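Presented below is the structure to which this report refers.
Quick note: the coordinates plus some simple rules give every number you see, no bench work behind them. For clarity, every value in this text was computed on a predicted model and none was experimentally measured. Neighbour counts are summed over all protein chains in view; Cβ atoms, including those assigned to glycine, are modelled from backbone coordinates with ideal geometry.
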Amino acid sequence: MSRLHSILRLLIIAIAACLSSCIDSREEYWLEADGSGRAEITYHLPAAAAAVHGGESGLREMIAGFLKETPEFTNSACEVVIEEMRVRIKINIAFDSALALRDIGNGASMKTLPAAATHLAGEVTAGLHGRTLEYIRKISASKALPGAAFLSAAQLEGYRMTYIMHLPSVPMESNATRVENAGRTLVWDIPLSQALKSPVVTRFKMQIPIPWHLVATIAVPLSGVACATVLLRRRKQRNRFPLEI
């Protein structure tokens, strides 16, 4: 019996390692001054992971369902392609409010995806303090890929988790591994081996310009107040200096 348990344990380890190896991720976001934006998310996974979820069509159907049930996305598209022993998942999304995306990880639509997706989406803390936007995201790759603990450093070499954020202005601070585009593009380029040892944390703080739509919203009532003030002044002047007949 003990020998059988040992064989089963080795089999479980082998399956877990297979499902956790050869993983690359790249997430790229473009954030506009008014809080809207778009993103392109690409993951390369072992083909065995796709087989567990119904193959290419099963994965595509599952992801499409998630996108459809997530109202925070104003537009979305997904592509699932199996290339030899790997599956490439590419998702494009657009959104009106970047702040609305912070709760997706705990939303009902996320529960339609495998549990690993929640850990890869991570915990997002984002908020506006005056005109200062603070953003923190914590990704737990080790929880998403528990079988990776059995992989050697050589097996993990060359695989990376990359996160790119294009901002409308230069942030006040960040923990990006490098910056581009005169400081407006933040890049976190993390080896998978490092991401499995401790959670990946991406954070930045930036001053946002006042959105034009907000200016217009404020301007309308203010213009009404200004007009009323002018009329009142004219009426007072007439009462003070009545016209002679």
Task: the range 55-164 shape via C-alpha gyration tensor axes, a/c threshold 1.5 - done: oblate
- [ ] Please give the net charge around Pro171, taking every other residue with its beta carbon less than 9 angstrom from that of Pro171, where Lys and Arg add +1 and Asp and Glu add -1.
- [x] +1
Task: Cα-based shape type of the range 47-108, given that a ≥ b ≥ c are square roots of the gyration tensor eigenvalues and the cut on a/c is 1.5 - done: prolate
- [ ] Return the distance in nm (one decimal) between the two label points of a simple spin-label model at Glu32 and Gln207, each offset 7 Å from Cα along Cα→Cβ.
- [x] 2.4 nm
- [ ] Sort the range 2-209 into rounded, prolate or oblate with this rule: let a ≥ b ≥ c be the square roots of the eigenvalues of the Cα gyration tensor; rounded if a/c is under 1.5, and if a/c is not under 1.5, prolate when a/b is larger than b/c, oblate otherwise.
- [x] prolate
- [ ] List His119, His53 from most exposed to least, where exposure is judged by having the fewest other Cβ atoms within 10 Å.
- [x] His53, His119
TODO: First select every other residue whose beta carbon is under 12 angstrom from the beta carbon of Ile91; then total the charges, Lys and Arg +1, Asp and Glu -1.
DONE: +1
Task: Cα-Cα over 20 Å, subset of Lys138/Lys205; Lys111/Lys143; Lys90/Lys197 - done: Lys90/Lys197
TODO: Pairs of Cα atoms under 8 Å, at least six residues apart: use those to get the relative contact order of the range 48-117, whole percent.
DONE: 30 percent
